[in-house]
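Comments concern the structure below.
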Amino acid sequence: MNGAPPTRPWEHATVVSIEPETARVATFRLRFATPVDFLPGQHVVVRLTAPDGYRAQRSYSIASAPDGGDELDLAVERLDDGEVSGFLHDGVEVGDSLEVRGPIGGWFTWTGETPALLIGGGTGVVPLMSMLRHARATGGDARLLVSVRTPADLLYASELRERPDTTVVYSRVTPPGSMRPAGRIGRDDVAALLAPGATTYLCGSSGFVEATSALLVELGTDAATVRIERFGPS
Ligand SMILES: Cc1cc2nc3c(=O)[nH]c(=O)nc-3n(C[C@H](O)[C@H](O)[C@H](O)COP(=O)(O)OP(=O)(O)OC[C@H]3O[C@@H](n4cnc5c(N)ncnc54)[C@H](O)[C@@H]3O)c2cc1C
């Protein structure tokens with residue numbers, strides 16, 4: 001896998017399944033007319049058009065790893081009053097068609113050239129999940145540090161809990177028997193996972209990204225080895 005594949009023109013993809021991940025996040029599996037070539041970390045844009053012609057579009061990261069097939073997974077969090085996320089959760093059913101453009105993004109991608117430290121907050125784990133799944137499928141070196149508020153907020157729990165390549169930090173409520181008290185990702189959590197030659201991928205809300213990149217600076221990480229993607233305003 002070398003450079004990023006070209007972005008395809010707007011096209012229609014069929015929603016082939018909608019599966020809840022948590023109370024607020026669901027995975028939407030989309031099937032395209034032809035195989036979709038993408039890199040772990042890339043995203044697509046989903047465009048909605050109302051009957052009166054009003055349009056809204058939002059970016060959603062690809063959660064699945066590239067496999068040469070014609071399907072990919074998005075994970076969408078329902079935001080209170082969210083225009084597009086609300087419609088996707090309440091107005092879209094299996095069999096519906098969505099207008100999609102992608103894949104997009106050439107910087108926030110990882111294909112295994114260096115070890116990867118993946119740090120995600122909330123739904124910021126979505127593009128990192130594509131990278132982790134790719135690493136697991138190809139024997140690549142990726143470690144994931146993910147922060148969620150409570151155990152019920154952990155996406156992909158069956159793939160992430162108690163796995164040697166994954167550390168889950170609970171900021172408000174920990175699962176029973178947890179050794180680490182509840183709290184945000186701290187210096188020690190990051191320091192334990194830093195590895196020479198690794199590229200760090202950081203994704204989440206602006207606040208999460210700012211706090212975690214400050215920790216990386218404190219720990220002396222070379223800024224040139226850190227790649228950041230921000231999902232939203234808070
Ligand atoms: C590259 C990229 C990849 C993304 N990938 C994902 C993804 O995989 N899954 C996902 O669920 N979202 C993802 N997002 C965020 C997504 O694009 C939308 O911003 C989000 O779904 C909100 O859109 P909305 O129309 O529902 O809300 P809006 O109607 O735009 O906003 C509703 C309210 O929520 C606030 N808000 C907007 N966006 C966010 C946010 N991200 N977090 C918290 N509050 C917000 C607004 O300020 C407003 O108050 C990604 C964003 C980018 C830039």
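Every read-out reported here was derived from the displayed coordinates using simple, explicitly stated rules and does not represent laboratory data. Quantities reported herein were computed from a predicted structural model and do not represent experimental measurements. Every residue, glycine as well, gets a Cβ built from its backbone with ideal geometry; the counts of neighbours run over all protein chains shown.
Output the relative contact order of segment 11-104, whole-number percent, from Cα pairs under 8 angstrom with separation of 6+ residues. It would help to have the intermediate numbers written out before the result.
Working: 191 pairs, mean separation 36.0, N = 94.
Reported relative contact order: 38 percent.
Apply the Karplus parameterisation 6.51 cos²θ - 1.76 cosθ + 1.60, with θ equal to phi minus 60°, to every residue of segment 67-76 and state each ³J(HN,Hα) to the nearest whole Hz, in sequence, with x for glycine and proline.
My calculation for segment 67-76 gives 9, x, x, 9, 10, 8, 10, 10, 10, 10 Hz in order.
Do me a favour and compute the ellipsoid semi-axes for the chain from its Cα gyration tensor, root of five times each eigenvalue, largest one first, whole Å.
Details: eigenvalues 170, 85, 52 Å².
For the chain, the semi-axes come out at 29, 21, 16 Å.
Would you mind getting me the FRET efficiency between A56 and H12? Use the beta-carbon distance for r and R0 = 22 Å, nearest 0.05.
Result of the calculation: an efficiency of 0.85.
Identify which of L79, L128, L30 has the largest mean-square fluctuation in a Gaussian network model of the chain, with springs joining Cα atoms closer than 10 Å.
L79
Can you list residues from other chains, or at least 5 along the same chain, whose modelled amide H is less than 5 Å from the amide H of R227?
T200, Y201, L202
For the chain, which DSSP H helices look membrane-span-like by this rule: Cα extent along the axis of 15 Å or more and mean Kyte-Doolittle of at least 0.5?
Details: long enough: 125-138 (19 Å, 0.58); 206-218 (18 Å, 0.98).
Both cut-offs are met by 125-138, 206-218.
For segment 182-193, what does the Karplus curve 6.51 cos²θ - 1.76 cosθ + 1.60, with θ = phi - 60°, yield as ³J(HN,Hα) per residue in whole Hz, taken in order and with x for Gly and Pro?
4, x, 5, 4, x, 3, 5, 4, 6, 4, 5, 10
What is the fewest-to-most order of D96, D153 by other Cβ atoms lying within 10 Å of their Cβ?
The order, fewest Cβ neighbours first, is D96, D153.
Which whole-Hz ³J(HN,Hα) couplings does segment 34-49 yield from phi under the Karplus relation 6.51 cos²θ - 1.76 cosθ + 1.60, θ = phi - 60°, glycine and proline marked x?
Going residue by residue, I get 9, x, 10, 9, 8, 10, x, x, 6, 10, 10, 10, 9, 10, 10, 10 Hz, with x marking Gly and Pro.
Search the structure for amide H atoms under 5 Å from the amide H of V36, placed 1.01 Å from N in the peptide plane, and list their residues when 5 or more places away or on another chain.
Sorted by chain and number, the residues that satisfy this are G69, D70, E71.
Which order do Y60, Y170 fall in if you start with the one that has the fewest other Cβ atoms within 10 Å?
Least crowded to most crowded, the residues run Y170, Y60.
Amide H neighbours of G232 under 5 Å, counting only residues 5+ apart in sequence or on other chains, H built in-plane at 1.01 Å?
S206
Using a 10 Å cut-off around each Cβ, can you sort W110, W10 from fewest to most neighbouring Cβ atoms?
By the 10 Å Cβ count, ascending, the order reads W10, W110.
Let me have the relative contact order for the chain, percent, based on Cα pairs under 8 Å that are six or more residues apart.
19
DSSP loop GluC sites (Glu not before Pro) in segment 1-93 with at most 10 other Cβ atoms within 10 Å of their Cβ, which ones?
Here the GluC sites (Glu not before Pro) that fit, given the DSSP loop and packing criteria, are E93.
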